[in-house]
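Below is one structure; the comments refer to it alone.
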Amino acid sequence: MTKKREFSTCGHCGSPYPCAGRRVGYCSLECALRSRVRVAGPDDCWLWVGARNDRGYGQFRRFKTFHYAHRVAYELAHGALGERQVCHRCDNPGCCNPAHLFPGTARDNMQDMHSKGRWPADRVARGEAVGGSRLTEDDVRAIRRRIVAGEALRAIARQYCVSQGAIQGIAHGKTWKHVA
């Protein structure tokens with residue numbers, strides 16, 4: 001006895017497609033993407049209007065797999081990326097315009113962010129803002145004065161309940177560089 005094939009209609013293009021008993025919604029990954037992108041002019045950002053993650057990147061699920069919208073848009077236009085990332089020329093994480101996207105490594109992406117000033121210093125925890133910090137900026141200034149006065153690093157470390165290595169880092173300018 002042959003099982004009757006079930007078909008559903010794509011929510012984007014209207015084409016029938018075999019759904020094997022489960023409702024998928026779209027006939028292809030391309031239709032799943034295009035149904036949630038607002039296409040504008042060729043030089044404009046094409047905004048993702050579906051779900052976004054906490055960093056603003058569009059994402060959707062198809063066949064129990066999560067996909068980043070900008071990555072799917074790039075791969076549909078230019079082919080598979082492999083291990084590389086997709087970077088945005090426009091710096092808009094919700095943009096899916098393939099003309100605004102380019103392939104790169106994690107390093108390329110970080111260099112692009114730094115060169116455009118999108119990695120503000122306040123996003124990096126320093127000094128007292130670091131969760132387990134035992135020292136304050138005032139402590140560091142006092143420690144530096146004591147080091148200059150010639151006090152033993154071990155004695156300073158004991159008083160502040162930190163390692164001698166922590167005091168050495170301050171003494172050699174390796175840590176707490178942001179404190180004047």
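The values are calculated or read from the model by the stated rules, or taken from the named source; none is laboratory data. The model shown is predicted, which means the values in this text are computed figures rather than measured ones. Note: ideal-geometry Cβ built from the backbone for every residue, glycine included; neighbour counts use all protein chains shown.
A few comments on the model shown:
- Those helices (runs of 4 or more DSSP H) lying entirely in the range 1-115 with at least 2 residues in contact with a Phe, Trp or Tyr (Cβ under 7 Å, 6 or more places away or on another chain), buried (at least 18 other Cβ atoms within 10 Å of the Cβ) and modelled with pLDDT of 85 or more: 69-78
Here is a yes/no grid of residues against (1) under 30 Å from Pro42 (Cβ atoms); (2) among the charged types (D, E, K, R):
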| site | (1), (2) |
| --- | --- |
| Arg84 | yes, yes |
| Arg89 | yes, yes |
| Pro93 | yes, no |
| Met110 | yes, no |
| Gly173 | no, no |
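- Long-range neighbours under 7 Å by Cβ, at least six apart or interchain, first residue without any contact (Cβ under 8 Å) to a residue 60 or more places away in the chain within the range 130-141, second aliphatic (A, V, I, L, M) and surrounded by 14 or more Cβ atoms within 10 Å (Cβ to Cβ): Arg134/Val162; Leu135/Val162; Glu137/Val179; Val140/Ile170; Val140/Val179; Arg141/Val179
- Residues of the range 150-180 that are at positive phi and either part of a helix (DSSP H, G or I) or surrounded by 12 or more Cβ atoms within 10 Å (Cβ to Cβ) (or both): Trp176 alone.
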